[in-house]
1. Kindly indicate whether A336 is under 22 Å from R285 (Cα atoms) and assigned to a helix (DSSP H, G or I).
2. Looking at (1) within 27 Å of A64 (Cβ to Cβ); (2) touching a residue at least 60 places away in the same chain (Cβ under 8 Å), find the lone condition where T328 falls short.
3. (1) aliphatic (A, V, I, L, M); (2) more than 19 Å from the chain's Cα centre (by Cα); (3) within 28 Å of L394 (Cα to Cα): which one isn't true of V248, the others all being true?
4. Quick check on region 158-182: of everything there that is outside any helix (DSSP H, G or I) and free of Cβ contacts under 8 Å to residues at least 40 places away in the same chain, which residue is surrounded by the most Cβ atoms within 10 Å (Cβ to Cβ)?
5. Is it the case that some residue within region 183-192 is modelled with pLDDT under 80, in a helix (DSSP H, G or I) and surrounded by fewer than 16 Cβ atoms within 10 Å (Cβ to Cβ)?
6. Within region 78-105, restricting attention to residues that are at pLDDT below 85 and part of a helix (DSSP H, G or I), which residue is surrounded by the fewest Cβ atoms within 10 Å (Cβ to Cβ)?
7. Do we find that G154 is crowded, with 16+ Cβ neighbours inside 10 Å and either modelled with pLDDT of 90 or more or in contact with a Leu (Cβ under 8 Å, 6 or more places away or on another chain) (or both) in this structure?
8. Looking at region 128-157, I want the residues that are among the acidic types (D, E) and have a partner that is in a helix (DSSP H, G or I) with Cβ atoms under 6 Å, at least 6 apart or on another chain. Which pairs are those?
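The values are calculated or read from the model by the stated rules, or taken from the named source; none is laboratory data. Model, not experiment: these values are computed from the prediction. Heads up, the Cβs are rebuilt from the backbone with ideal geometry, glycines too, and the neighbour counts pull from every protein chain shown.
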Amino acid sequence: MLQSEPHSQSSNPLPRNVKLLGWASFLNDVASEIIYPLMPQFLLTVLGGNRFHLGIIEGVADSASSLLKLWSGWWSDRVGSRKGFVVWGYAVAAVARPVTGLLVAPWQLFFVRAADRVGKGVRTSPRDALIADATEATVRGRAFGFQRAMDHLGAAGGPVLAAVFLWIWPDNLRALFVLTLVPGLCVVLLLLVGLREAKRRNHAPKLDGRSSIFVSLTFEPFDRNFRLYLLSLLIFTLGNSSDAFLLVRAGELGVPTMMLPILWFAYHIVKSTVSLLAGRVVDRRGPKLPLCAGWFLYAVVYIAFAFATAGWHAWTLFLAYGLFYGLTEPAEKTLAGNLAKPEHRGLAFGWFNFAVGVAALPSSLIFGILYESYGAFISFGFGAALAIVAVTLLANVKQNLDERGVNVNK
């Protein structure tokens with residue numbers, strides 16, 4: 001019997017692997033967000049770099065990460081195992097981050113930052129596929145909601161720990177960066193010892209080298225619904241610029257510079273809390289409804305940012321923006337997992353993460369040009385318009401699941 005939406009939410013606890021991967025995300029983001037907010041200042045004032053160096057470092061690193069997310073998801077389908085990709089990816093980042101404290105030149109930061117993003121690229125798609133493999137459709141929304149909530153909670157905690165450290169030991173950035181080795185190694189040990197992966201019965205078919213590369217770069221294993229979903233995601237992401245522009249807008253509206261970290265902290269707390277709650281909604285109502293609602297909320301928030309005139313508007317809209325993130329992230333990944341056969345989930349999450357990553361750079365570039373040339377109304381209005389187009393496309397995506405939550409679309 002076919003059905004268009006998943007079963008009602010189960011009261012079953014989340015699988016062990018999901019919990020472990022959630023805690024891994026938490027610890028990893030604690031370490032990552034200790035460094036990330038301070039990295040631009042470290043580059044400019046300690047290493048003697050400039051804003052051009054920062055743009056090159058971040059642009060190349062994120063582009064490489066997006067390509068690797070596609071490759072690693074596909075390859076984990078081929079080998080029938082995902083744990084090695086996840087552990088290796090977290091290990092590379094755990095070693096690369098603390099090396100930041102030992103650098104003396106901008107070019108060295110380029111390689112360290114690239115190594116960190118390589119780790120992210122290798123682990124992300126196999127990790128998402130591992131979560132989908134470990135869950136039935138009745139709890140898949142909760143599973144991704146938990147993972148995203150722990151990720152955001154770590155992202156909120158990292159800057160707070162950094163602020164406390166620098167309050168006690170002012171300007172000691174190098175020592176702070178080196179200490180991120182501790183949570184990084186905890187992640188690797190946690191996954192090496194605790195993560196258990198049952199051998200999957202469904203593997204992607206064995207292919208020769210040339211055919212393997214060809215299939216990995218096409219949508220051959222996927223039906224129209226997955227492709228339409230990916231197109232809607234790509235269009236939405238093209239209008240979803242870097243959150244740094246929202247911080248710029250908050251400053252324009254009168255939020256003091258010293259309060260921006262607090263605003264950022266509150267934003268991540270909202271994302272974490274809502275992700276947990278939204279995961280349950282996804283399991284009850286299916287991923288499409290909360291995803292459409294979240295993207296529509298995004299359009300409303302962006303339009304409101306264009307018309308905002310006071311500092312308290314920025315606080316309100318930032319919290320609403322956190323609501324959008326928390327509402328959509330579990331739904332996006334659940335829908336990607338539901339629309340793929342088990343033997344192709346790694347590749348599905350590879351394409352999912354690649355689409356988001358490859359659209360991120362031009363989205364911020366376009367937004368920045370519009371913002372600089374035409375002001376807030378045109379730039380934020382552009383993002384809102386693309387969100388509405390994406391919702392329209394998403395409304396035409398259909399998912400049919402069997403009793404185990406496995407995609408049966410033809």
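1. So A336 passes the test.
2. (2) is the only condition that T328 fails.
3. Here V248 meets the rest and fails (3).
4. In this case the residue turns out to be N172.
5. no
6. Restricting to residues being at pLDDT below 85 and part of a helix (DSSP H, G or I), the top hit is V79.
7. It is true that G154 is crowded, with 16+ Cβ neighbours inside 10 Å and either modelled with pLDDT of 90 or more or in contact with a Leu (Cβ under 8 Å, 6 or more places away or on another chain) (or both).
8. Hits for this filter: D128/K333; D128/F349; D151/S25; D151/D29.
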